[in-house]
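Participant: One structure follows; several queries about it will come next.
The values are calculated or read from the model by the stated rules, or taken from the named source; none is laboratory data. None of the values given here were measured: they were computed from a predicted structure. Heads up, the Cβs are rebuilt from the backbone with ideal geometry, glycines too, and the neighbour counts pull from every protein chain shown. These accessible areas exclude ligands, DNA and RNA; they are computed on the full protein's heavy atoms, side chains included. Shrake-Rupley method; radii C 1.70, N 1.55, O 1.52, S 1.80 Å.
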Amino acid sequence: MSAVPSLMRAAVLVAPGRFEIRQVPVPAVGRDDVLIRVERCGICGTDMHMFNGHYAAESLPIIPGHEFAGTVAAVGADVRGFGEGDRVVADINIGCGHCFYCRRNEVLNCAEVRQVGISRDGAFADYVVMPSGLVMAAPADAPFDLLALVEPIACVVRAARKADVRFGQSVLILGAGPIGNLHIQMMRLVGAAPILVAEPSAVRGAMALEAGADVVISDPATLRETVLKHTGGRGADIVIESVGLPALYAKAFELIRPGGHIAAFGIAGPADTVPLPLLATVLRENSIKGSVAGMGEDMHDALTLLAHGRFRTESFRARSLPLAEIQQAFETLPRHPEALKVQIVMA
């Protein structure tokens with residue numbers, strides 16, 4: 001393989017709200033590792049939480065970035081099946097690989113889990129190193145800006161799997177930001193109907209309709225009334241909270257039907273809580289389950305769906321900035337509701 005430099009550029013989040021572009025050593029490649037030359041890395045809502053000091057503050061300073069795609073730059077001595085220049089994506093959840101949770105594809109519950117760009121250095125850099133078992137070959141003709149969407153789509157694939165969404169079930173999605181938009185498209189793919197969305201932004205609401213929502217509710221005062229109107233007076237079979245606000249989580253209990261399910265997805269603060277209506281939960285057999293990151297089969301399914309054009313991605317690929325402008329990218333991201341994703345370009 002071609003020689004790999006000893007140093008690389010990296011965007012280091014040194015404190016909340018402040019990146020520094022540094023020259024740092026290229027990660028060492030172990031016997032079972034793949035060194036990936038990063039081409040694109042998207043800015044995730046989790047990255048924004050970290051930037052704003054609301055999540056994973058104990059990991060700073062760190063190189064964030066986990067929605068990445070690139071090419072193989074080098075492999076360890078024991079790695080087979082990858083060649084230099086192969087296009088790849090990677091599962092960012094690194095567990096021990098052999099515990100009860102890892103074997104059940106519940107890697108985030110592994111006592112040794114580390115997440116790329118969250119609890120270990122990530123992909124806002126020229127290179128990132130990954131265990132070979134978590135690296136997935138991508139189609140040679142797939143553009144990098146498309147492949148950088150595999151990880152976020154894996155998250156909504158997993159959410160749908162965890163919620164066990166069935167054909168014809170009514171779904172209410174709270175929030176139509178980037179991940180909410182992907183939830184809409186995922187629900188469309190699995191046959192949910194109707195798909196209702198609560199979103200105050202007119203721009204994001206219009207994009208939700210384009211993505212496949214049946215009804216967008218912009219006025220919080222009419223939310224419950226509208227949900228009941230479109231669900232036979234029962235409430236939604238499933239409510240997906242995709243924002244991370246305790247008030248929305250609390251509201252979700254009022255919006256599910258008896259026997260309904262709340263898919264807890266949006267990341268709230270570590271001390272945030274909501275009261276659980278115990279009697280109603282027991283008597284109505286309601287349920288709630290969390291889901292946050294795609295892993296294992298979720299990544300494979302996401303790559304397959306993307307490669308076969310099952311998601312509308314134009315608004316996720318409309319805005320990109322070079323690594324040198326990452327500070328500006330984070331600071332200005334809220335000003336561009338029409339761009340559902342900002343990607344950082346390494347080249």
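Participant: Across the range 259-278, what is the number of residues that are over 24 Å from S170 (Cβ atoms) and either in a helix (DSSP H, G or I) or of a type outside the set (D, E, K, R) (or both)?
Facilitator: Qualifying residue count for the region: 8.
Participant: Moving to a separate point now. Given the criteria touching a helix residue (DSSP H, G or I) at 6+ places or on another chain (Cβ under 8 Å), under 19 Å from N181 (Cβ atoms) and either assigned to a helix (DSSP H, G or I) or touching a residue at least 12 places away in the same chain (Cβ under 8 Å) (or both), does L321 qualify? It would help to see each step written out before you state the result.
Facilitator: Details: touching a helix residue (DSSP H, G or I) at 6+ places or on another chain (Cβ under 8 Å): yes; under 19 Å from N181 (Cβ atoms): no; either assigned to a helix (DSSP H, G or I) or touching a residue at least 12 places away in the same chain (Cβ under 8 Å) (or both): yes.
Considered against the rule, which asks whether it is touching a helix residue (DSSP H, G or I) at 6+ places or on another chain (Cβ under 8 Å), under 19 Å from N181 (Cβ atoms) and either assigned to a helix (DSSP H, G or I) or touching a residue at least 12 places away in the same chain (Cβ under 8 Å) (or both), L321 comes out as no.
Participant: Does R31 satisfy the condition of being assigned to a strand (DSSP E or B), open to solvent by 50 Å² or more (accessible area, probe 1.4 Å), at pLDDT 95 or above and more than 17 Å from A347 (Cβ to Cβ)? Please lay out each step first, then the result.
Facilitator: Working: assigned to a strand (DSSP E or B): no; open to solvent by 50 Å² or more (accessible area, probe 1.4 Å): yes; at pLDDT 95 or above: yes; more than 17 Å from A347 (Cβ to Cβ): yes.
Here the answer is no, as R31 does not meet what is asked.
Participant: Out of (1) under 23 Å from A302 (Cβ atoms); (2) in contact with a Phe, Trp or Tyr (Cβ under 9 Å, 6 or more places away or on another chain), what's the single condition that is false for L13?
Facilitator: (1)
Participant: Run down A140, A160, A125 and say which single residue is without any contact (Cβ under 8 Å) to a residue 60 or more places away in the chain, more than 27 Å from R204 (Cα to Cα) and small (G, A, S). Quick ask: steps written out before the conclusion?
Facilitator: Values: A160 fails: more than 27 Å from R204 (Cα to Cα); A125 fails: without any contact (Cβ under 8 Å) to a residue 60 or more places away in the chain.
Result: A140 is the single residue among A140, A160, A125 that is without any contact (Cβ under 8 Å) to a residue 60 or more places away in the chain, more than 27 Å from R204 (Cα to Cα) and small (G, A, S).
Participant: What single numbered condition from (1) in contact (Cβ under 8 Å) with a residue 24 or more places away in the chain; (2) surrounded by fewer than 21 Cβ atoms within 10 Å (Cβ to Cβ) fails to hold for F51?
Facilitator: If we test F51 against (1) in contact (Cβ under 8 Å) with a residue 24 or more places away in the chain; (2) surrounded by fewer than 21 Cβ atoms within 10 Å (Cβ to Cβ), just (2) comes out false.
Participant: Consider I173 carefully, then state whether it is open to solvent by less than 10 Å² (accessible area, probe 1.4 Å) and in contact with an Asp or Glu (Cβ under 8 Å, 6 or more places away or on another chain). Spell out how you get there, then give the answer.
Facilitator: Values: open to solvent by less than 10 Å² (accessible area, probe 1.4 Å): yes; in contact with an Asp or Glu (Cβ under 8 Å, 6 or more places away or on another chain): no.
So I173 does not fit the description; no.
Participant: Within the range 174-200, track down each residue that is assigned to a helix (DSSP H, G or I) and either β-branched (V, I, T) or touching a strand residue (DSSP E or B) at 6+ places or on another chain (Cβ under 6 Å) (or both).
Facilitator: I179, G180, H183, I184, M187, V190
Participant: Turning to a different aspect of this structure: Please determine whether any residue of the range 36-46 is polar (S, T, N, Q) and either in contact with a helix residue (DSSP H, G or I) (Cβ under 9 Å, 6 or more places away or on another chain) or part of a loop (DSSP other than H, G, I, E, B) (or both). Before the answer, list the steps.
Facilitator: Taking the range 36-46 as the starting set, the residues that turn out to be polar (S, T, N, Q) are 46.
Those still in the list that are either in contact with a helix residue (DSSP H, G or I) (Cβ under 9 Å, 6 or more places away or on another chain) or part of a loop (DSSP other than H, G, I, E, B) (or both) too: none.
Taking every residue of the range 36-46 in turn, none turns out to be polar (S, T, N, Q) and either in contact with a helix residue (DSSP H, G or I) (Cβ under 9 Å, 6 or more places away or on another chain) or part of a loop (DSSP other than H, G, I, E, B) (or both).
Participant: Could you pull out the residue among A208, A250 that is more than 20 Å from the chain's Cα centre (by Cα) and free of Cβ contacts under 8 Å to residues at least 60 places away in the same chain? Break it down into steps so the answer makes sense when it comes.
Facilitator: Values: A208 fails: more than 20 Å from the chain's Cα centre (by Cα).
One residue alone meets the criteria, A250.
Participant: Could you check E20 against (1) in contact with a strand residue (DSSP E or B) (Cβ under 8 Å, 6 or more places away or on another chain); (2) outside any strand (DSSP E or B); (3) charged (D, E, K, R) and say which number it fails?
Facilitator: E20 satisfies every listed condition except (2).
Participant: What number of residues within the range 212-250 satisfy the criterion of being farther than 20 Å from P275 by Cβ and loosely packed, with under 14 Cβ neighbours inside 10 Å?
Facilitator: Going through the range 212-250 one residue at a time, the tally reaches 7.
Participant: With open to solvent by less than 80 Å² (accessible area, probe 1.4 Å), at pLDDT below 95 and closer than 30 Å to V135 by Cβ as the only criterion, which of G296, G290 stands out?
Facilitator: It is G296.
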